[in-house]
Amino acid sequence: MQDALDGAVEKGAVGTGAVGTGAVGTVVVGFSPADALAPLAAYLGLTGPVLSDPDRVLYRRLGLRRAPVWRVYSPGTIARYARLRLRGVTLHEPVEDTRQMGGDALVVDGRVERLWRPATPDDRAAPARIAAAARDRAARRP
């Protein structure tokens, strides 16, 4: 697990560089092409690096799996889409793998210190939880 980020850097999936000093920096990695991630980053107001990993090298190295169809398209998800359609929202055909699970990692000096793998597509680590883990790690740092 600790070599996952280094391996992805070697394979070209992840860029290197300092991300903030004295604070927890954020690096976002997606598997969409870079030209698709750029507008998303702008829309979300992301200020850190947003990296493209279309071959999902980092995803595999971190053990981020694909969800089963029944978990992604659960009755609750289908109901949500139905409510959106009833309100007149245009739903677009997915352009990428909707079953690829994401994840969150605390990386220090290129090493994965803590990894959160979601059980479901909407089960992500709360930012406060990740920040607390980063503070705890910083307190233990020599």
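Every number here is computed from the coordinates shown, using simple stated rules; none is lab data. Since the model is a prediction, treat every value here as computed from it, not as a measurement. Here the Cβ positions follow ideal geometry from the backbone for every residue, glycine too, while neighbour counts run over all protein chains shown.
Of the peptides 75-87, 97-109, 32-44, how do they stack up when ordered by the mean number of other Cβ atoms within 10 Å, highest first? Present the calculation step by step, with values, prior to reporting the outcome.
Values: 75-87: 10.3, 97-109: 15.8, 32-44: 12.5.
Ranked by mean Cβ neighbours within 10 Å, highest first: 97-109, 32-44, 75-87.
Enumerate the calculated ³J(HN,Hα) couplings along region 126-139 in order (Karplus 6.51 cos²θ - 1.76 cosθ + 1.60, θ = phi - 60°), each rounded to whole Hz, writing x wherever the residue is Gly or Pro.
Those phi angles translate into 5, x, 5, 5, 5, 4, 5, 5, 5, 5, 4, 5, 5, 5 Hz.
When the chain is fully extended, how far beyond the present Cα-Cα distance does L40 get from T120, taking 0.36 nm per residue of separation?
Numbers: separation 80, 0.36 × 80 = 28.80 nm, distance 2.23 nm.
Result: 26.6 nm gained on full extension.
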